[in-house]
Amino acid sequence: MKQISKTFCLIVGFLFFQPALKADEKQVIINLMQRPLNYLDLGIINLEKDMEKSIDRIIARYTSPLLTNLIGDRKEEIEMSVIYNWKKTAVIASVSLPVTKGLTTNEYLSSSNKCRQVFDLIRQTLLKAQPESTISSSQVASYLVEKFYPPTNQPWVLPESHRKSLVKIVLLEIVLRPTNKYAFASSVNSISCIGNLSDQIDNIKIVHDSTRQ
C-alpha cells in the first residue's frame, strides 16, 4: 500500500509541475513510473552500472601505459552520476573529469573537440553490444529498452513514437573541469558537452558554464 501511495504522489507531482511537456515524452516517463518495479529507477541503476564500466576505458585511453598502477587512484578523481532531472524531463548520465590544461578562451576549439571525443568514447562503450556498426536512433532505442525494462518483460512492440521519445529523454553529459590548482592559477572554468546517444558529433551541444568549478 505504501508503494502504491508513493507512486501515486510522484505521478501527481509530475503532472502538476510539468504542464508544458510534450505528450509523447511525458507519457514515456508516466509509463515507466507506473510499472510495479518502477522501471525509471531500474533504468537509472542499469545506466550507472554501464557508466562505471566506461570509466575504466576513459582512464586507459587518457593515462600513460606506464601509469596503470594509478588507475585506482584516478577513479577517485572522476565524478559520475545518473539522475532524473524533472525540469529538463531527462535522465542525465554525467561524467566529470579533472583536467590540468586546455580550458582557456583561446583553446575553445581543442577543448570542445576533446569533450566530444570523450562523449563518443563513452557512447561507443555503452552501445558496443548492439549489432549495428554505426550509431543510429534504432540502435540507441534498443539499448535503452534493454536498460529500462526487465529482460522478462521487454516490450519489443513499443510504438515507434515511444522508442524515439525514450532516446530523447536520456542524455549524456561530459564535464571537463579544471583541477583546483589549474583554476586558481589560470582563472578558467569548466566546459561541458551534452546530447542524446544518437546525436552526431557536430550536434553535441558545447556549454561554457561559469558556475562549474
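See the values below:
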item	result
Residue in segment 33-43 that is exposed (fewer than 13 other Cβ atoms within 10 Å of the Cβ) and at pLDDT below 75 present	yes
Residue within segment 96-112 that is of a type in the set (A, V, I, L, M, F, W, C), crowded, with 20+ Cβ neighbours inside 10 Å and more than 27 Å from Lys26 (Cβ to Cβ) present	yes
Strands (runs of 3 or more DSSP E) contained entirely in segment 162-213, each with at least 1 residues that are of a type in the set (Gly, Ala, Ser) and at pLDDT 85 or above	190-196
Count - residues of segment 169-182 that are of a type outside the set (S, T, N, Q) and surrounded by fewer than 17 Cβ atoms within 10 Å (Cβ to Cβ)	1
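A quick yes/no check of all residues on (1) of a type in the set (Lys, Arg); (2) at pLDDT below 75:
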| position | (1), (2) |
| --- | --- |
| Cys9 | no, yes |
| Pro19 | no, yes |
| Lys26 | yes, no |
| Asn31 | no, no |
| Ile45 | no, no |
| Arg61 | yes, yes |
| Ser81 | no, no |
| Thr89 | no, no |
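The values are calculated or read from the model by the stated rules, or taken from the named source; none is laboratory data. Since the model is a prediction, treat every value here as computed from it, not as a measurement. FYI the Cβ positions are ideal-geometry reconstructions off the backbone, even for glycines, and counts take in every protein chain you see.
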